[in-house]
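Here the structure is laid out as structure tokens; the discussion comes afterwards.
The values are calculated or read from the model by the stated rules, or taken from the named source; none is laboratory data. Model, not experiment: these values are computed from the prediction. So basically every Cβ, Gly included, is an ideal-geometry build from the backbone, and we count neighbours across all protein chains shown. These accessible areas exclude ligands, DNA and RNA; they are computed on the full protein's heavy atoms, side chains included. Shrake-Rupley method; radii C 1.70, N 1.55, O 1.52, S 1.80 Å.
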Amino acid sequence: MPTPTGPEAYRAWRASPLGHVTDACEAAALRPLIGDVAGRAVLDIGCGDGTLAAELARAGARVTGLDPDAAMLRVAAARDIALVQGRIEALPFATARFDLVTAVTVLCFVHDEATAWREMARVLRPGGALVIGELGRWNLWALRRRIRGWMGSRLWRSAVFHSAAQLRDAATAAGLVVEEVRGAVFHPPSATAARLTAGIDAALGRHTTFGAAFIALRARKPAASTPG
């Protein structure tokens, strides 16, 4: 979970001992919710340098990555995915275009979350799934980030951290049906603690989100009703 300031920050984060373990914990929470993507049209919102989008493409999905940051898109362009510059609050896609929409650590930096949720639901086909990953509200990572915001970080001062209940409510308000929620990253921001707890992180996250620094949610857009 690096501070999203550019491609170099992401590379440095993944190369660090803490980043390596933390990213693996997040991926372990997301993958079961994403499921089989072979042959499906997928939109990865906030694709960044294209890591997740490229993984989905290798699994057989037809992936479009979207990000507002031109520098990120230049890095992602080296991967075998279609790319579009744009924002989650005004997705530049037709209604009901995608079978799956993913958005990882995006909503925490969005001012108009209600519009973002409606847009994600809009571009999903009936029966399609939304999988999001967000920064949890009640944990040591969030506390550290709040302190950094109080000390002057513009990014973390404006960030919003979510509880599982808040994410459930937002998905429901957008007309989606929540199917599953998982927690991940129960370790504090310490490489030593991350290594010691990595083995139980996924099992713990299947049962609770309490203390999780990362919360993953899967919701489905209801299928169109059949005329009687």
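Structure notes:
- Among the residues of the range 196-227, none is identified as among the charged types (D, E, K, R), open to solvent by 40 Å² or more (accessible area, probe 1.4 Å) and in a helix (DSSP H, G or I).
- Residues located in the range 22-40, provided they are touching a residue at least 60 places away in the same chain (Cβ under 8 Å) and more than 17 Å from the chain's Cα centre (by Cα): 40
- Residues in the range 52-74 that are in contact (Cβ under 8 Å) with a residue 40 or more places away in the chain and buried (at least 19 other Cβ atoms within 10 Å of the Cβ): 52, 56, 72.
- Test: residue in the range 21-39 that is farther than 17 Å from residue 133 by Cβ and surrounded by 16 or more Cβ atoms within 10 Å (Cβ to Cβ): no
- Qualifying strands (runs of 3 or more DSSP E) (wholly inside the range 77-140; at least 2 residues being in contact (Cβ under 8 Å) with a residue 60 or more places away in the chain and touching a helix residue (DSSP H, G or I) at 6+ places or on another chain (Cβ under 9 Å)): 98-104, 124-135
- Flag if residue 142 is open to solvent by 50 Å² or more (accessible area, probe 1.4 Å) and over 15 Å from the mean Cα position of the chain (by Cα): no
- Residue in the range 163-182 that is crowded, with 22+ Cβ neighbours inside 10 Å and under 21 Å from residue 20 (Cα atoms) present: yes
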